[in-house]
Amino acid sequence: MNPDLILMAVLAGLANWGFRALPILLMRGEARPGGLMAGFLASTGPAAIATLFVASALPRLWPEQTDLVPLAMGVLITVLAFLPRRSVVVATLAGSLAYGIAFALMHPALAT
Amino acid sequence: MSEKTASFRGGLLAALPIVMGYFPIAFSFGVAATRAGLGQAEAVMLSLVIYAGASQFLALSLVAGGAPVLVAAFTLIAMNVRHVLYGPALMKEAGQDGSRRYAWAWAWGLTDEVFGQALGALARGQRFSEGYMFGLGLAAYISWVAGTAVGAFAGGGALDGWPAVSAGLDFMLSALFLALLLSILSRAALPAIVIAVVATVLGTVFWSGTVGILAGMICGALAGMAGGLLGGLFRGRG
C-alpha cells in the first residue's frame, strides 16, 4: 500500500474526527454567534458544497459541451425530488437515475 | 408527537435511507478508485480512515494529478471544516438531554446526512440519546465501507458493458452536492454560494480545476463572512 496515500488518509481522517468530535467535547456553554470566525465557518459549508457541485458539473459543459440533456434532466429531477421531503438521499438517487435514463435515451447505440 | 428517547436499534432503523443512499455512492467510489489505479485494499482504506464522500472523490483526483501529499491532505481537510458546526448545533437542539460522554466515538459518524437525520429527529420531538447516535452512525459507516469494498472488488471495468449505469453513477456525486446545497440553502448562505459559483467557474476557465475549487471555497467563505458582518452592521444601525 502506498505510504503517501496512507499518510494523506490518516491526516484527513484525524482532521475529520477533530472537526466532528472536538467541538462537542470542548463545548463550554452556548456558542456565541456573530463573531468573525463564526461567520467564516458558517459560510465555509455552503461555499464548499456550491464549489464542489460546480466543479463536478462543469466538465460536462466546458471546454466541450457533452451530454447537456442528461445533465439538465439530472439537475431538474434532483431538485424536484428534494422538494417534497427534503431528503438528500432520495434526491441524489432520483437525480442519478434520471441522468442515466436520459443518457440511455440520448445514446441508444451505447445503451444496447 | 410525544417525546421519546430513541435506542441504538432505533438509530439503526432510522439510518435505512442513508444506508440505501450511501451504498451506491460508495460503490461508485470503489469503482472510481480502481479506475484511478488504486488497489482494492487502498480504496477500502480510504473509506475506513477518511469517511467523507466528497473528500474521497477529490482525493482520487489529487492522487491521480500527482499533488504533493501535504497539499492533498490540506485540501481534503479544508473541505470538511463545515463539520465543526454540526456537533454544537446538535447539542443545542438536544438541550438538557445532550449527553456527550461517548461523543469521542459516535461523533466520528457525524456526516452531513447523519447530522441531518439526527437533527430532523430532534426537531420532530424525539429525545437525544447517544445510543441512537451510535446506531445511526454505525449503520451509515458500515454501508459506506461495504459499498466501497464491493465497488473496488467489482473493479474499474465492472460497468464497461453498462454505459448508462456508469453515466448515472458518475452523476451521483453532482446530484449529492446539489441535494446537499438545497438542504442548506438559506438567504444568509446566498452570498457565499453565489460568489463560490462565480469564483469556481472563473478559476477553472482561466486557470485550472484545482485553482477553481480553492478559489470557490475561499472566496465564497470570505464573501459569506463579509455579508454577515455587513448585515450585522446594518442591523446595529437600524
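See the values below:
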item	result
Scan of the stretch B:32-58 for residues that are within 7 Å of chain A (Cβ to nearest Cβ), among the aliphatic types (A, V, I, L, M) and within 17 Å of A:Ala55 (Cβ to Cβ), ordered by number	B:Ala52, B:Ala54
Hits in the stretch B:102-111 - residues which are part of a helix (DSSP H, G or I), touching a residue at least 12 places away in the same chain (Cβ under 8 Å) and surrounded by fewer than 23 Cβ atoms within 10 Å (Cβ to Cβ)	B:Ala105, B:Trp108
Of the criteria (1) surrounded by fewer than 19 Cβ atoms within 10 Å (Cβ to Cβ); (2) farther than 26 Å from B:Ala33 by Cβ; (3) at pLDDT 70 or above, which one A:Gly35 fails	(3)
Subset of the stretch B:7-61 that is in a loop (DSSP other than H, G, I, E, B) and small (Gly, Ala, Ser) - its residue that is nearest to B:Val81 (Cα to Cα)	B:Ala52
Residue within the stretch B:112-122 that is surrounded by fewer than 19 Cβ atoms within 10 Å (Cβ to Cβ) and either under 25 Å from B:Cys219 (Cα atoms) or not hydrophobic (A, V, I, L, M, F, W, C) (or both) present	yes
Only one of B:Ala164, B:Ala149 that is surrounded by 19 or more Cβ atoms within 10 Å (Cβ to Cβ), at pLDDT 85 or above and either within 19 Å of B:Gly53 (Cβ to Cβ) or of a type in the set (S, T, N, Q) (or both)	B:Ala149
Residue satisfying all of: in the stretch B:170-187; touching a residue at least 60 places away in the same chain (Cβ under 8 Å) and within 7 Å of another protein chain (Cβ to nearest Cβ); farthest from A:Ala50 (Cα to Cα) among these	B:Met172
Unmet criterion (only one of (1) under 18 Å from B:Phe29 (Cβ atoms); (2) within 20 Å of the chain's Cα centre (by Cα); (3) within 11 Å of chain A (Cβ to nearest Cβ)) for B:Ser166	(2)
Within the stretch B:200-215, considering residues that are assigned to a helix (DSSP H, G or I) and of a type in the set (Ser, Thr, Tyr), the one surrounded by the fewest Cβ atoms within 10 Å (Cβ to Cβ)	B:Thr210
Members of the stretch A:71-89 that are facing chain B (nearest Cβ under 7 Å) and either more than 17 Å from the chain's Cα centre (by Cα) or surrounded by 18 or more Cβ atoms within 10 Å (Cβ to Cβ) (or both)	A:Gly74, A:Val75, A:Thr78, A:Phe82, A:Ser87, A:Val88, A:Val89
Residue match in the stretch B:180-187 (condition: under 24 Å from B:Val44 (Cβ atoms) and either out of contact with any Asp or Glu (no Cβ under 9 Å at 6 or more places or on another chain) or of a type in the set (Ser, Thr, Tyr) (or both))	no
Residue match in the stretch B:191-208 (condition: within 7 Å of another protein chain (Cβ to nearest Cβ), under 24 Å from the mean Cα position of the chain (by Cα) and in contact (Cβ under 8 Å) with a residue 40 or more places away in the chain)	no
Residue list for the stretch B:41-74, filter: on the phi > 0 side of the Ramachandran plot and without any contact (Cβ under 8 Å) to a residue 60 or more places away in the chain	B:Gly66
Which listed residue is modelled with pLDDT of 80 or more and not in a helix (DSSP H, G or I), from B:Ser99, B:Ser143	B:Ser99
Any hit, the stretch B:216-232, residues being within 7 Å of chain A (Cβ to nearest Cβ), under 26 Å from B:Gly109 (Cα atoms), surrounded by 22 or more Cβ atoms within 10 Å (Cβ to Cβ) and touching a helix residue (DSSP H, G or I) at 6+ places or on another chain (Cβ under 9 Å)	yes
Subset tally (residues that are of a type in the set (A, V, I, L, M), within 12 Å of chain A (Cβ to nearest Cβ) and surrounded by fewer than 24 Cβ atoms within 10 Å (Cβ to Cβ)) for the stretch B:123-139	1
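The values are calculated or read from the model by the stated rules, or taken from the named source; none is laboratory data. These numbers were taken from a predicted model, which means no experiment stands behind them. Cβ coordinates were reconstructed from backbone atoms using ideal geometry, including for glycine residues, and neighbour counts include every protein chain displayed.
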